[in-house]
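Visitor: Have a look at the structure that comes next, please.
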Amino acid sequence: MDVTPDAGAAADRGTPSPAAAPITLERIRKQYPDGTVAVTELSLPIRAGELVVLIGPSGCGKSTVLRMINRLIEPTSGRILLDDEDVTAVDPVQLRRRMGYVIQNVGLFPHQTIRTNVGTVPRLLGWSSARIRSRADELLELVGLDPGTFGRRYPHELSGGQRQRVGVARALAADPVVLLMDEPFSAVDPIARTRLQEEFLRLQAEVRKTIVLVTHDLDEAVRLGDRIAVLSQGGKLEQYDTPAKLLGEPASKFVREFVGADRGIRRLAVTPVSRELLDPVEGVDAEKLPTVTVGSSLYDALAAMLVTNADHARVLHDGQSVGLLSRHRVLSIDYPAETDRA
Ligand SMILES: Nc1ncnc2c1ncn2[C@@H]1O[C@H](COP(=O)(O)OP(=O)(O)OP(=O)(O)O)[C@@H](O)[C@H]1O
């Protein structure tokens, strides 16, 4: 949980890319031909440049929602607006070229090189081969793969995590207005997964796309999401909030149970070290204490104290000590009273 952004950071992760577009789901419903109602009636506004996570139990309709946005699945009713334009009025093939789509096992073409894979959509759009090549190499750099080494390789010559990065590069190649990601990191082992998530956050800070990401993993949702939409069966929206709000004020019994008993720990990860929590540093030999900066998470502060077996951490702002944070203070933090809107 070391890179989990705090509430403030989540709300302010930079300016959206000029190419990012808002998405508005308006009362969308999906009933499959066999009568299954996967999504009953869902409304969800998503801002340009925002990373929204859809989470909920298996079968609650997350993938159906994602695939309705790029029209791999047609909604039964309701509207989906992309930058005020109803996507049902747009040719689906044209639409999908404006939306990057990343899925669990990436779906790279096995007999094409990595560079060719990344250039898939630009090729469909008729770009010149020189432009495709330079764009593919730029994207490989951006996702941390050296184009000289990896450009000529084939997918089976890469690790799972590297293939996943190629999937992200390919989805970004034609500068889409939206990125849709369905369990993008779940096929890689937990350590590679954490690293990919960190890199992905850095990438998003740079490209600032509108992203809708589906996951089963609450830690991933808390780490990545600007806002998290918790769905229950039938695509019912239980809560749509920042990670800190979701963990701090679950809106229903369903959400409280979903975020679980260990949400106290997760809340530490989304609560920043602030000056109100500090004791004065005067009169204490603070030189040997671990240091953390104002704004880093309480989780990180606690981890620093536990690792060094210290009862306090020295808190810095612009390189200057501004106070001491005690282990006791972190563990007895007085969160605002819970509200139960259920
Ligand atoms: N083609 C289909 N025909 C009938 N029912 C379907 C079809 N595709 C999905 N469903 C049903 O719609 C519901 C929602 O499925 P969906 O795949 O969107 O859920 P999910 O939340 O993404 O699930 P998971 O987390 O297990 O991937 C499920 O009950 C599923 O069985």
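The values are calculated or read from the model by the stated rules, or taken from the named source; none is laboratory data. No experiment lies behind these values; they were computed from the predicted model shown. Here the Cβ positions follow ideal geometry from the backbone for every residue, glycine too, while neighbour counts run over all protein chains shown.
Visitor: So residue 257 ticks every box in (1) among the charged types (D, E, K, R); (2) surrounded by fewer than 18 Cβ atoms within 10 Å (Cβ to Cβ); (3) part of a strand (DSSP E or B) but one. Which box is left unticked?
Guide: Every condition holds for residue 257 apart from (3).
Visitor: Across region 222-244, which residue is farthest from the ligand (Cβ to nearest atom) among those that are among the small types (Gly, Ala, Ser) and under 15 Å from residue 58 (Cα atoms)?
Guide: Result: 229.
Visitor: Being under 26 Å from residue 242 (Cβ atoms) and among the basic types (Lys, Arg) narrows it down to one residue among 29, 67; which is it?
Guide: Just a single option satisfies the conditions, and that option is 67.
Visitor: While we're here: Report the residue count in region 79-90 for those that are part of a helix (DSSP H, G or I) and in contact with a Leu (Cβ under 9 Å, 6 or more places away or on another chain).
Guide: 1
Visitor: Show the residue pairs meeting these rules: Cβ distance below 6 Å; 6+ apart or different chains; first residue within region 194-223 and closer than 17 Å to residue 240 by Cβ; second residue in a helix (DSSP H, G or I) and among the basic types (Lys, Arg).
Guide: Close Cβ pairs satisfying both conditions: 214/62; 222/266.
Visitor: I've got another one for you. Does region 268-275 include one or more residues that are surrounded by fewer than 17 Cβ atoms within 10 Å (Cβ to Cβ) and either away from the ligand (no atom under 16 Å from the Cβ) or part of a helix (DSSP H, G or I) (or both)?
Guide: Yes, region 268-275 contains a residue that is surrounded by fewer than 17 Cβ atoms within 10 Å (Cβ to Cβ) and either away from the ligand (no atom under 16 Å from the Cβ) or part of a helix (DSSP H, G or I) (or both).
Visitor: Do any residues in region 48-68 that are surrounded by 22 or more Cβ atoms within 10 Å (Cβ to Cβ) have Cβ atoms under 9 Å from those of residues that are part of a helix (DSSP H, G or I) and basic (Lys, Arg), where the two are at least six apart or on different chains, and which pairs are they?
Guide: Qualifying pairs under 9 Å: 54/62; 55/62; 56/62.
Visitor: Looking at 231, 224, can you tell me which residue is of a type outside the set (Val, Ile, Thr) and over 23 Å from residue 292 (Cα atoms)?
Guide: Result of the check over 231, 224: 231.
Visitor: Checking residue 289 against (1) within 29 Å of residue 55 (Cβ to Cβ); (2) modelled with pLDDT of 85 or more; (3) in a loop (DSSP other than H, G, I, E, B), which test does it fail?
Guide: Residue 289 satisfies every listed condition except (1).
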